Amino acid sequence: MLGLKLPTDPRWVNIVEKNIDEILTDHAFCEQKAASTAISLIVTFPEYSELVQEMVKLVKEEISHFKMVHDRILARGQVLGRERKDEYVGKLRKFFQKGGNRNTQLVHRLLYAALIEARSCERFRLLSQELEDEDLKKFYHDLMVSEANHYTMFLRFARKYGDSVEEVNKKWDELLEFEAVIMKDLGKQETIHG
């Protein structure tokens, strides 16, 4: 369903189990960045009314996810750690050339967002199936469903606002191939994407 070309190595869950507090901190910041991305899309592309309406809903949802993760951090007797760079997102965002018209820039940003949500969904599915902590398993199952909805929404908007569905699908396939190359070097860190 997600179209990812390289699935996450299941051994990544072993890294998560040993570093759950680090993963939760990284996850909290991923949710915060997702809310920030939605706000940025509103600010940068206000003329796309349907997109703006959906991004307003997404901001609320992502901030509520941030709070849920933060609550779990506090319940574990921890505090939110420092934000760190997301190596995965940094590498991914180098795929499309900078520039182009506003419409092209929008489509590229939507495709990046779709792929980040798709990978998060795939990772959350693994966590929902493999973690030993039953509460976290359920938590990640619920978030997996949410991420899948976000992935399809971003992809739907990219296809709607692109010059043609065929062109957007071609870009999507190329981005998926590029992401698979990135993922070969990742999956060994205590991060959601890395």
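Since every read-out is calculated from the coordinates, none of them should be taken as a lab result. Quick caveat, the model's predicted, so the values are computed rather than measured. Reconstructed Cβ throughout: ideal geometry from the backbone, glycine too, with neighbour counts over all protein chains shown.
Return the pair list, or none, for Cβ contacts closer than 7 Å from residues in the range 4-27 that are without any contact (Cβ under 8 Å) to a residue 60 or more places away in the chain to residues that are in a helix (DSSP H, G or I) and surrounded by 15 or more Cβ atoms within 10 Å (Cβ to Cβ), at least 6 apart or on different chains.
Listed by first residue and then by second, the contacts come to L24/V69; L24/R72; L24/I73; T25/I73.
Out of (1) closer than 23 Å to R125 by Cα; (2) touching a helix residue (DSSP H, G or I) at 6+ places or on another chain (Cβ under 8 Å); (3) of a type in the set (S, T, Y), the odd one out for Y48 is which?
Checking Y48 against (1) closer than 23 Å to R125 by Cα; (2) touching a helix residue (DSSP H, G or I) at 6+ places or on another chain (Cβ under 8 Å); (3) of a type in the set (S, T, Y), the one that fails is (1).
Among the residues of the range 115-125, is any closer than 12 Å to H193 by Cβ, charged (D, E, K, R) and in contact with a Lys or Arg (Cβ under 9 Å, 6 or more places away or on another chain)?
If we filter the range 115-125 for residues that are closer than 12 Å to H193 by Cβ, which is where we start, we get 115-124.
Going one step further and asking which of them are charged (D, E, K, R), we end up with 117, 119, 122-123.
Imposing the further condition that a residue be in contact with a Lys or Arg (Cβ under 9 Å, 6 or more places away or on another chain) reduces the set to none.
Within the range 115-125, not a single residue is closer than 12 Å to H193 by Cβ, charged (D, E, K, R) and in contact with a Lys or Arg (Cβ under 9 Å, 6 or more places away or on another chain).
Within the range 2-40, track down each residue that is in a helix (DSSP H, G or I) and among the aliphatic types (A, V, I, L, M). Working first, answer last.
Residues of the range 2-40 in a helix (DSSP H, G or I): 12-18, 20-40.
Once the filter is applied, which keeps residues that are in a helix (DSSP H, G or I) and among the aliphatic types (A, V, I, L, M), the range 2-40 yields V13, I15, V16, I20, I23, L24, A28, A34, A35, A38, I39.
From the list V52, V56, which one is hydrophobic (A, V, I, L, M, F, W, C), in a helix (DSSP H, G or I) and surrounded by fewer than 15 Cβ atoms within 10 Å (Cβ to Cβ)?
V56
Pairs needed: first member in the range 98-123, without any contact (Cβ under 8 Å) to a residue 12 or more places away in the chain; second member anywhere, polar (S, T, N, Q) and crowded, with 20+ Cβ neighbours inside 10 Å; C-beta distance under 8 Å; at least 6 residues apart or different chains.
Close Cβ pairs (under 8 Å, with a partner that is polar (S, T, N, Q) and crowded, with 20+ Cβ neighbours inside 10 Å) do not exist here.
What number of residues within the range 31-73 satisfy the criterion of being closer than 12 Å to H150 by Cβ, touching a residue at least 60 places away in the same chain (Cβ under 8 Å) and not hydroxyl-bearing (S, T, Y)?
5
Surrounded by 19 or more Cβ atoms within 10 Å (Cβ to Cβ), hydroxyl-bearing (S, T, Y) and under 25 Å from M183 (Cβ atoms) - does that describe any residue in the range 2-22?
Taking every residue of the range 2-22 in turn, none turns out to be surrounded by 19 or more Cβ atoms within 10 Å (Cβ to Cβ), hydroxyl-bearing (S, T, Y) and under 25 Å from M183 (Cβ atoms).
From G90, G81, which residue is without any contact (Cβ under 8 Å) to a residue 12 or more places away in the chain, out of contact with any His (no Cβ under 6 Å at 6 or more places or on another chain) and closer than 26 Å to Q189 by Cβ? Walk me through it before giving the result.
Working: G81 fails: without any contact (Cβ under 8 Å) to a residue 12 or more places away in the chain.
So the residue among G90, G81 that is without any contact (Cβ under 8 Å) to a residue 12 or more places away in the chain, out of contact with any His (no Cβ under 6 Å at 6 or more places or on another chain) and closer than 26 Å to Q189 by Cβ is G90.
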